[in-house]
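No value in this document is a laboratory result; all are computed from the given coordinates. Because the structure is predicted, anything quoted here is derived from the model rather than measured. Glycine gets a Cβ as well: all are built from the backbone with ideal geometry, and neighbour counts include every protein chain shown.
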Amino acid sequence: MSDPSEVAAFMAQAGLPPRFAGLAARLHVPLAARIAQAAAGRDVPLLVGLCAPQGAGKSTLTALVTRLLRHRGLKTANLSLDDLYLTHVERLGLGRTVHPLLRTRGVPGTHDIALGLEVLEALARPGRVLLPRFDKAADDRAPVADFEPFEGPAQVILLEGWCVGGQAQPEAALDEPVNALEHDEDAAGVWRGFANAALAGPYRVLFDRIDLLVVMTAPDFATVRAWRGQQEQRLRQDLAARGRDTALAMDEKALDRFVAHYQRLTEWIARDLPPRADIAIRLDADREPVEMRGL
């Protein structure tokens, strides 16, 4: 099958609208070609970092690019930073010992970076690897039985996430709160300082392994909030279709509070990361690329 045929098959499987074909031709297919070119002739996996805010289409992009790379004969594994979240119990422990806001998944410091590094090492070797998965509806790591098997070694690894490749902010930037959540619940800056230190420490070890860094940015944080609301609506529909309690999805008030945890670093990354990335893509409110550098 050709790339257009692979895209058409993917669209049918995912139930995507016809207009997606044009987006795929402009973005997904060229990105897959660029990654394939970078992976050629390597004897170790090419680690591609994909950074984009919540709701920007990371999962769809990763899934289609993975399909296109496999169509080119490249053994491709994908891992989401979201799937590395600490367990619910572990985050409750951070909430007790460091700061209550760390009970909520999201910021650096709430991921199991050691697990991520372990998975990357395993993917570079022959043999079966179990890729961790996180159940967002349950707000906990999925059972091992739900982990995705992959037969290594991988030739390409796609690591996607909202803060992949992010750098720590300058200390002075932490002084002023960016929203009511920080003002009211982190007045002393302990929570945001903890997240910033995590970015400068263990997350740097993980992100320094990235060979090719791709970043997508939104017009502003209000757009990210709107995208995340659409994502939650889809979760609610999925829960209903599977006969699960739709109350597991967040209502508008809960969602506003949840996304506030992400605002500081989302806005910082949008300013800081594009000039450093190998590929930078600026999206409009409809998730259409209006500017692309490096493709």
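Which log10 I(q)/I(0) values, to two decimals, does the range 152-253 give at q = 0.20, 0.24 Å⁻¹ under the Debye formula with one point per Cα? Reported log10 I(q)/I(0), two decimals: -1.15, -1.19.
Using only the Cα atoms of the range 51-159, what semi-axes does the equivalent ellipsoid have when each is the square root of 5 times a gyration tensor eigenvalue? Give whole Å, largest first.
Values: eigenvalues 151, 51, 26 Å².
Result for the range 51-159: semi-axes of 27, 16, 11 Å.
Amide H contacts under 5 Å for D140: D135, restricted to partners 5 or more places along the chain or on a different chain, H placed in the peptide plane at 1.01 Å from N. Would you mind checking the tilt of helix 113-123 against the longest principal axis of the Cα atoms of the chain, expressed as 0 to 90 degrees and rounded to 10? With both axes taken from Cα atoms, the answer is about 10 degrees. Amide H contacts for E160 (H built 1.01 Å from N in the peptide plane; partners 5 or more residues away or on another chain; cut-off under 5 Å): L50, L79, S80, L81. With the highest mean first, a sort of the peptides 199-205, 40-46 on other beta-carbon atoms found within 10 angstrom per residue produces 199-205, 40-46. Label sites at S59 and D284, each approximated as a point 7 angstrom past Cα along Cα to Cβ, lie 2.6 nm apart. Counting every other Cβ atom within 10 Å of each residue's Cβ, M216, M11 order from fewest to most as M11, M216. The slack between F147 and R204, meaning 0.36 nm per residue of separation minus the straight C-alpha distance, is 18.0 nm. The slack between D238 and A138, meaning 0.36 nm per residue of separation minus the straight C-alpha distance, is 34.7 nm.
Going by alpha carbons, how many degrees (0 to 90, nearest 10) lie between the helix axis of 221-241 and the longest principal axis of the chain? Between the helix axis and the principal axis of the chain, the angle is about 70 degrees.
When the Cα positions of H111, L213, V156 are compared along the charge dipole of the range 78-222, V156 comes out farthest toward the positive end, with charges on each C-beta of Lys, Arg, Asp and Glu.
For a quick check: sort L131, L102 by the number of other beta carbons within 10 angstrom, fewest at the front. Each step should come with its number before you reach the end.
Details: L131 16, L102 25.
Result, fewest neighbours first: L131, L102.
Nearest 5 percent is fine: what portion of the DSSP beta bridges confined to the chain is antiparallel? Display every interim value, and only then the final one.
Working: 12 of 31 bridges.
About 40 percent, rounded to the nearest 5.
Calculated mean residue ellipticity, 222 nm, the chain: -13000 deg cm²/dmol, from DSSP H runs (n ≥ 4) at -39500 (n - 2.57) each, averaged per residue and rounded to 500. Counted by neighbouring Cβ atoms within 10 Å, the residues T87, T217 run from fewest to most as T87, T217. Amide H to amide H distances under 5 Å link L131 with E148, F150, where only residues 5 or more positions off or on other chains count and H is placed in the peptide plane. Against the main long axis of the alpha-carbon atoms of the chain, helix 29-39 sits at an angle near 90°.
Expressed in nm², what is the orientationally averaged projection area of the convex hull enclosing the Cα positions of the range 151-202? Averaging across all directions leaves 5.2 nm² for the Cα convex hull. Each residue of the range 209-217 was assigned a 3J(HN,Hα) from its phi angle through the Karplus curve 6.51 cos²θ - 1.76 cosθ + 1.60 (θ = phi - 60°); the sequence is 7, 5, 8, 9, 10, 10, 10, 10, 10 Hz, with glycine and proline shown as x.
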